[in-house]
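Chemist: For reference, the structure I am asking about is given below.
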Amino acid sequence: MAETRVDLLHLLEDLRDAYPGALEETILTEILANALDSGASLIRIQTDSANTSLTIVDNGSGMPRHELRRYHDLATSSKKRGQGIGFAGVGIKLALLACKEVVTETRRGKVHVASQWHLAARHKAPWRWTPPPGLVSERGTAIQLRLSDAFSPLTDAGYVEAAVRRHFLPLLDPAFNAMMLAVHGREIVFEVNGRQLEKIACTAAETSPLEIYMGRKRTPQAYGYLYREALPLPDDRRGIAISTYGKIIRAGWDWLGVTPAAAERIGGVIEVPALAASLTLNKGDFVRTGARGAAYLAYRKAAQEAVMRQLAAWGDGGEQAEPARPRGMRSLERDLERVLLDLSAGFPLLAALVEHRRGGQKRLPLGPKSPDGEPGLATATVTPVTTDTDVATSAPGGGGHGGAPPPEENVPASPPGHATDLPDAPRKPRPSRLGLGVQFEERPDDRELGRLVESTVFINRAHPAYQRAAASRAEGYHIALTMALALAPLTVEPRAEHGFITEFMAHWGAAVAKPAKRRGKG
């Protein structure tokens, strides 16, 4: 009888490469995320350059003995998706790559146990029970990393503080106090080497709060703010950051699909607690499929509406970002929509990318103006996407600027047949509406015909091939081919890209021919 062996070193290195940041930041943020998920209100961080160690102690719920035993197994966790920002049980294991030894102490009720763990060889990571070192006083968990590199940045208190502020900004910004208190049920305090990290408010020249209401909820399910400076911002402050449970997941302009004219001078943060259920394995992005993907796309659309509303109020609506669309584009989009609908059944990744889901995507109207008349308050009201399962649990609480509910007359009414309003006869389901967008941009130095950003294909109008197509009135063919080229790498394996492009263009040709045949018969 043979047994399966696991190359632990290779597996851990693959996990490390799946995370977007540096290994040291990943280890730190994963430990802090686990502490928050355990219900901790105080997280103490101690750096020790003399002994080359980092110690993190929280006052959370701690672990019983059997949980600490399972804690040493890869991809094992007692947490559930959507009940916090940690669920996969893989992040803390990355510490084995950077440490000579990992000591874990936990205390819960009468249970007070500890373990020592290290990576001994490619296939071995032994651990053993050890007497508790006394890092935890009443209850909670302590992680002590005995680092392999004497010059590791995790021994630098300045590096650790900067990383905590960058990755957990909403927990250290007073503007999010109300929402963070509603999410965590307590105020979260961080200490670094015995010094409490004070909360720092945004000091930009111009700031404007954002509130996002989903459906008929009377409290905002997402809250944040935009800020604008007279001079260009540092690279790490440009664009919109999106967080959940106080942890920044993504930042920049690409994920939002909005690019203002003065993008280098504008930034912001949006906290969406409900998106904890939509996190990917490495918590560096959000899933795009199923009910969780539908929830992410609905909140993303709501964030787009709110951000664009405020940009327009600032006179930076980004009109310059997209040149004029060619004539006949609306008809072409309908043809491409039919093509994507036909192809989505045979290409699952394409189906997820274009938001093909039952019931279609409901219209996402802009919300009311500021509930209290305060200038600069941008809101958006969104009807949640209909899915087969409940896609998200709305979090209570509001933003730090009041968060009064929108007037009832501005809230979209429930569609006929919703809830208790039963129709007399079954209705035909509405056709799916595909969320893949087409926009145009000028990129004269880019040799690519177009590029895919989130759920939008950007056509490069400065490309010589597009200009030749426009001169010969063949923009439609060029746009269809560009979409096929942009979607192929994310839809199929590299060896199957040619077949996908051929299939896409064949469906497009058929979609164009069908209306012509109907017109001929008429």
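The values are calculated or read from the model by the stated rules, or taken from the named source; none is laboratory data. Every value quoted in this text rests on a predicted model; they were computed, and no experiment measured them. The accessibility values were calculated without ligands, DNA or RNA, using every heavy atom of the protein model including side chains. Shrake-Rupley method; radii C 1.70, N 1.55, O 1.52, S 1.80 Å.
Chemist: Could you look at the range 164-230 and say what percent of its accessible area is carbon and sulfur, using a 1.4 Å probe and all protein chains?
Modeler: 50 percent
Chemist: Ok, one more. Over all directions, what mean area does the Cα convex hull of the range 264-313 project, stated in square nanometres?
Modeler: The Cα convex hull of the range 264-313, projected and averaged over all directions, gives 4.2 nm².
Chemist: Rounded to whole Hz and in sequence order, give me ³J(HN,Hα) for the range 248-256 from the Karplus expression 6.51 cos²θ - 1.76 cosθ + 1.60, θ = phi - 60°, writing x for Gly and Pro.
Modeler: Each residue of the range 248-256 in turn: 5, 9, 9, 8, x, 9, 4, 5, 7 Hz.
Chemist: State which entries of LYS93/LYS124; LYS110/LYS247; LYS100/LYS124 exceed 21 angstrom in Cα-Cα distance in the structure shown.
Modeler: LYS110/LYS247
Chemist: Would you give the gap between the C-alpha center of the range 180-212 and the C-alpha center of the range 216-281, rounded to a whole Å?
Modeler: 15 Å
Chemist: Hey, how many Å between the Cα centroid of the range 1-57 and the Cα centroid of the range 148-175?
Modeler: 14 Å
Chemist: Rg and Dmax of the range 6-50 over Cα atoms: what are they, in angstrom?
Modeler: Considering the range 6-50 through its Cα atoms, Rg and Dmax are 13.5, 37 Å.
Chemist: Just to make sure I understand: if all protein chains stay in place, what is the order of ARG334, ARG309 by accessible area at 1.4 Å, largest first? The partial results should precede the final answer.
Modeler: Details: ARG334 130, ARG309 60 Å².
Sorted descending by solvent-accessible area, the residues read ARG334, ARG309.
Chemist: Around GLU101, which amide H atoms from residues at least 5 apart in sequence, or from another chain, sit under 5 Å from its own amide H, with H modelled in the peptide plane?
Modeler: Here ARG146 satisfy the definition.
Chemist: OK, next. If eta is 1.306 mPa s and T is 10 °C, what Stokes-Einstein diffusion coefficient results for the range 157-243, Kirkwood Rh from Cα pairs, in µm²/s?
Modeler: 108 µm²/s
Chemist: While we're on this one: So, with a 1.4 angstrom probe, what is the percent of accessible area on the range 1-157 that is carbon and sulfur?
Modeler: For the range 1-157, the apolar C and S fraction of the accessible surface comes to 48 percent.
Chemist: What are the semi-axes of the equivalent ellipsoid for the range 245-292, taken as the square roots of 5 times the Cα gyration tensor eigenvalues, largest first, in whole Å? Intermediate results must be reported in sequence, preceding the final value.
Modeler: Details: eigenvalues 108, 31, 16 Å².
Calculated on Cα positions only, the semi-axes equal 23, 12, 9 Å.
Chemist: Accessible area per residue of the range 25-171 at 1.4 Å probe, in Å²?
Modeler: 42 Å²
Chemist: Using the heavy atoms of the protein chains and a 1.4 angstrom probe, tell me the accessible area per residue for the range 202-352 in square angstrom.
Modeler: Dividing the accessible area of the range 202-352 by its residue count gives 39 Å².
Chemist: Still on this structure: Given the whole protein assembly as supplied and a 1.4 Å probe, what does the accessible area of HIS123 come to in Å², nearest 10?
Modeler: 80 Å²
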